[in-house]
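What follows draws every value from the coordinates through simple rules; no lab data is involved. Keep in mind that this is a model prediction, so the values were computed, not measured. Here the Cβ positions follow ideal geometry from the backbone for every residue, glycine too, while neighbour counts run over all protein chains shown.
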Amino acid sequence: MKKGLVLEGGAMRGLFTCGIIDVMMEAGVEPDGLIGVSAGAAFGCNYKSRQPGRAIRYNIRFARDKRFCSWQSWLKTGDLYNAEFGYHTMPTQLDIFDNQAFDENPMQFIAVCTDVETGKPVYKELTKCEPVTYDWIRASASMPVASRIVELEGRKVLDGGVADSIPLEYFEKIGYERNVVILTQPADYVKEHNRLMPLMRIGLRKYPQMVEAMDKRHLMYNQQLEYVRQAEREGRCLVIRPDEKLPIGHISHDPEEMRHVYEIGRRKGEECIDAICRFFAK
């Protein structure tokens, strides 16, 4: 029976996820596969490279570094999170990503993106760490309008959360029967229609299928939440979520705020680690 880990996105809310998965790594929990969306992919890749603590470390270190995330970067490059610095310079020179450990870990790793020409999800399995691997992870976390469209292997792609925010159903379809799902919103959360759609329609006017997917994203997301709840009721998955709304926005330059959200995640991970181990042992 294949054991999976499903990580939704949520930008800096993903630091909650980091706290949980660091506890899981420290406890020696080894899922057979991980599927990550947006921040879930950007932070979850550290599970395959077996580097607990890395995601919170570099986010705090570069929290106020304009090369990492800034409006100056957006105006200069078209990316709020600087593509070259954040996805190439930082992991290869400043906070080294363990390529060898990533390659040698047999855990399947899939990053979810959205094809801007079709509005459909792209499930990219990443087995070997090379420059294009970093770019697929970047694409998964590239928020529309705040990021340039990423062109990779004949596709134009952006944030995976637009097309498949919580890919539990997909993971089950490819054989993962027992899944831990980490969400970054509390149990009573209901997604509302994107108030920035007028801006999105302008910024993505050349890609009507992407605009349509974004326009209907709240409906897709809420349907996926119900799918997760049903799977949870049936015992097919174990869901871990924050008890209340996390005290952080999509973007943060405050190291203490980041650390606080990460620690909320660690406490939740420590609270749930025995249940996770029992669930995967069944």
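Side notes on the structure shown:
- Mean shadow area of the range 140-206, taken as a quarter of the surface of its Cα convex hull (nm²): 6.6 nm²
- Pairwise label distance in nanometres, Glu84 with Leu199, each label 7 Å out on the Cα-Cβ vector: 2.6 nm
- Contour excess over end-to-end distance, with Cα ends at His253 and Arg50 and 0.36 nm allotted per residue: 70.5 nm
- For the chain, the equivalent ellipsoid built from the Cα gyration tensor has semi-axes of 26, 22, 19 Å, listed from largest to smallest.
- The range 27-179: C-alpha gyration tensor shape, a/c 1.5 cut-off, then a/b vs b/c: oblate
- Rounded to the nearest 500, the helix-only mean residue ellipticity at 222 nm of the chain stands at -12500 deg cm²/dmol, with each DSSP H run of n ≥ 4 adding -39,500 (n - 2.57).
- Relative contact order, percent, the chain [alpha-carbon distance under 8 Å, six or more residues apart]: 28 percent
- For the range 35-103, average projected area of the Cα convex hull in nm²: 4.7 nm²
- A Stokes-Einstein calculation at 4 °C with viscosity 1.567 mPa s, built on the Kirkwood radius of the range 31-71 over Cα pairs, returns a diffusion coefficient of 113 µm²/s.
- Considering the range 89-160 at the alpha-carbon level, its Rg and Dmax are found to be 12.8, 36 Å.
- The range 168-278 has equivalent-ellipsoid semi-axes of 29, 22, 12 Å, by the square roots of 5 times the alpha carbon gyration tensor eigenvalues, sorted largest first.
- Theoretical gain in end-to-end length, Glu26 to Lys2 [0.36 nm per residue, Cα-Cα removed]: 6.6 nm
- Distant alpha-carbon pairs in the range 1-58 (separation over 19 angstrom), percent: 18 percent
- Applying a DSSP loop filter and a limit of 15 other Cβ atoms within 10 Å to the trypsin sites (Lys or Arg not before Pro) in the range 208-244 leaves Lys216.
- With both labels modelled 7 Å from their Cα along Cα-to-Cβ, the Asn222 to Thr92 distance reads 4.5 nm.
- Coordinate range of the alpha-carbon atoms in the range 101-235 per principal axis, descending: 41, 40, 22 Å.
- If the chain linking Gln209 and Asp243 were pulled fully straight, counting 0.36 nm for each residue of separation and taking away their Cα-Cα distance, it would gain 8.7 nm.
- Straight Cα distances below 30 angstrom link Lys173 to the lysines Lys2, Lys3, Lys48, Lys120, Lys124, Lys128, Lys156, Lys191, Lys216, Lys268, Lys282, with same-chain residues fewer than 8 positions distant left out.
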